[in-house]
Amino acid sequence: MTDQPLATPVDLRGRPLRDLRVSVTDRCNLRCRYCMPREVFGADFPFLERDELLSFEELERLVRVFVTLGVRKIRLTGGEPLLRRDLPDLVRRLADVDGLEDLALTSNGVLLPRMAGELADAGLRRVTVSLDALDDATFRAVSDTTVPVQAVLDGIAAARAAGLAPVKVNAVLQRGVNDDQVETLAGWARDTGVTLRFIEFMDVGTTNRWQRDRVVPAAEVAERIAARWPIEPVEPAQPGEVAERYRYVDGAGEVGIIASVTRPFCGTCSRARLSAVGELFTCLFAAAGHDLRAVLRDGADDAALAAAVAGVWARRDDRASEVRAEGGLEGPRVEMSYIGG
Ligand code: SAM
Ligand code: SF4
Ligand code: SF4
């Protein structure tokens, strides 16, 4: 197939396909209770076998196809993407894809001290690190780990030193668990120069015992920050931006809040997800994906692959977070660690 751009598919609600999250593994070295509770993801859990995963050749080919269809931004995720063997080789392949404007990675940061330099050398530009508390005991309780929070802080420092900047930090807040960390995290981010984004706790998957009263609403987070450091809203830089951005009036940078539960943004959602075995999901709350690996391994050429992706997107009607806000999100859905957070 030529690398000529094809028409960008538009879904049933008029939303283009622009953004792809690629899960490279369903495994993780932490057990955050809101994502992979240890009682479910224990020693017997049937994680994917290595030969089931898409190879780097297959991933690169699929990414090229997605880019011809209009995808401009790829984020590598998982599970913990740094656990995927030889990840820098994949980064090197994807960094070379013409037309791709943004290649990023989301990580829990624990392995970044070892890997940040190699990832930057391979062509990675940015990382987002997840960090839900600065207090060590709270961090270890949320992530159900003996790894100290200092390991994540070292990971963030290593990313910055390697030039993977600006580093973004994501913090999921849960009432009664780590909501006392709002000001601590915000103050630390202001001092450190990282861009912090708070995320509302979501009912992804079916194992994390989500309860609405554990969600800390975005409005409350903004009020608490503003009470300490005055902030003003920033206009979105591009359509489909999920974080509501605020600027500190005193010039100490920005903070974002992702209000997936209280102010859903399905109306502009242009994001698809690819599982580590090559299933295409059109929503974080989907019950099932569309098997692109089978299409690939059946010998489809790039035009046929593009047609398969475009066909799935053209039939997309997802708006799960809006449905939840209207009071009715039910039914089976896949786990975040599998689909790629
Ligand atoms: N392991 C990597 C990490 O933690 O950054 C990448 C995968 S993780 C699934 C991606 C993001 O999803 C993390 O920032 C995590 O905090 C977020 N996440 C996981 N479960 C969530 C939930 N139930 N609600 C909101 N965010 C969640
Ligand atoms: Fe692992 Fe990330 Fe899920 Fe935590 S949020 S369990 S680090 S995949
Ligand atoms: Fe997009 Fe689905 Fe999230 Fe809505 S619920 S913003 S459609 S991923």
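Any residue in the stretch 265-282 that is over 17 Å from the mean Cα position of the chain (by Cα), over 30 Å from LEU83 (Cα atoms) and assigned to a helix (DSSP H, G or I)?
For the stretch 265-282, residues over 17 Å from the mean Cα position of the chain (by Cα), over 30 Å from LEU83 (Cα atoms) and assigned to a helix (DSSP H, G or I): present.
Under 7 Å by Cβ, and 6 or more places apart or on different chains, what pairs join a residue from the stretch 66-82 that is within 16 Å of ligand 2 (Cβ to nearest atom) with one that is hydroxyl-bearing (Ser, Thr, Tyr) and in a strand (DSSP E or B)?
Close Cβ pairs (under 7 Å, with a partner that is hydroxyl-bearing (Ser, Thr, Tyr) and in a strand (DSSP E or B)) amount to ARG75/THR106; THR77/SER23; THR77/THR106; GLY78/SER23; GLY79/SER23; GLU80/SER107; PRO81/SER107; LEU82/SER107.
Looking at the stretch 224-242 only, could you name the residues that are assigned to a loop (DSSP other than H, G, I, E, B) and more than 29 Å from GLY311 (Cα to Cα)?
Those that are assigned to a loop (DSSP other than H, G, I, E, B) and more than 29 Å from GLY311 (Cα to Cα): TRP229, PRO230, GLU235, PRO236, ALA237.
Read through the list (1) more than 16 Å from ligand 2 (Cβ to nearest atom); (2) part of a strand (DSSP E or B), then give the number of the only condition that ALA171 fails.
Every condition holds for ALA171 apart from (1).
If you check ASP250, ASP317, which single one turns out to be charged (D, E, K, R) and away from ligand 3 (no atom under 16 Å from the Cβ)?
ASP250
Take the residues of the stretch 303-321 that are of a type outside the set (A, V, I, L, M, F, W, C) and surrounded by 15 or more Cβ atoms within 10 Å (Cβ to Cβ): which is farthest from ligand 1 (Cβ to nearest atom)?
ARG316
May I ask you to list the residues in the stretch 243-264 that are within 16 Å of ligand 2 (Cβ to nearest atom) and in a loop (DSSP other than H, G, I, E, B)?
The one that is within 16 Å of ligand 2 (Cβ to nearest atom) and in a loop (DSSP other than H, G, I, E, B): SER260.
Quick one: is ARG293 basic (Lys, Arg), more than 13 Å from ligand 3 (Cβ to nearest atom), surrounded by fewer than 19 Cβ atoms within 10 Å (Cβ to Cβ) and modelled with pLDDT of 95 or more?
Considered against the rule, which asks whether it is basic (Lys, Arg), more than 13 Å from ligand 3 (Cβ to nearest atom), surrounded by fewer than 19 Cβ atoms within 10 Å (Cβ to Cβ) and modelled with pLDDT of 95 or more, ARG293 comes out as no.
Out of (1) in contact (Cβ under 8 Å) with a residue 12 or more places away in the chain; (2) more than 23 Å from GLU58 (Cβ to Cβ); (3) among the acidic types (Asp, Glu), what's the single condition that is false for GLU326?
Exception for GLU326: condition (1).
Could you tell me which of the residues ALA306, ALA276, ALA286 is touching a residue at least 40 places away in the same chain (Cβ under 8 Å), more than 19 Å from GLU241 (Cα to Cα) and within 16 Å of ligand 2 (Cβ to nearest atom)?
Working: ALA306 fails: within 16 Å of ligand 2 (Cβ to nearest atom); ALA286 fails: within 16 Å of ligand 2 (Cβ to nearest atom).
Result of the check over ALA306, ALA276, ALA286: ALA276.
Going through THR146, THR128, THR106 one at a time, which residue ends up being within 23 Å of ARG27 (Cβ to Cβ), more than 16 Å from ligand 1 (Cβ to nearest atom), among the polar types (S, T, N, Q) and at pLDDT 95 or above? Let's see the steps before the verdict.
Details: THR128 fails: more than 16 Å from ligand 1 (Cβ to nearest atom); THR106 fails: more than 16 Å from ligand 1 (Cβ to nearest atom).
On inspection, the qualifying residue turns out to be THR146.
Where residues in the stretch 247-269 are more than 16 Å from ligand 1 (Cβ to nearest atom) and β-branched (Val, Ile, Thr), which of them is modelled with the highest pLDDT? Walk me through it before giving the result.
First pass over the stretch 247-269, keeping only residues more than 16 Å from ligand 1 (Cβ to nearest atom): 247-254, 267-268.
From the residues that got through so far, the ones that are β-branched (Val, Ile, Thr) too are 249, 268.
Details: VAL249: 97, THR268: 93.
Taking the candidates together, the pick is VAL249.
Is it the case that some residue within the stretch 142-150 is on the phi > 0 side of the Ramachandran plot, touching a residue at least 24 places away in the same chain (Cβ under 8 Å) and either in contact with a Leu (Cβ under 7 Å, 6 or more places away or on another chain) or within 16 Å of ligand 2 (Cβ to nearest atom) (or both)?
Yes, the conditions are met somewhere in the stretch 142-150.
The values are calculated or read from the model by the stated rules, or taken from the named source; none is laboratory data. This structure is a prediction, so every number in the text was calculated from the model and none was measured. Reconstructed Cβ throughout: ideal geometry from the backbone, glycine too, with neighbour counts over all protein chains shown.
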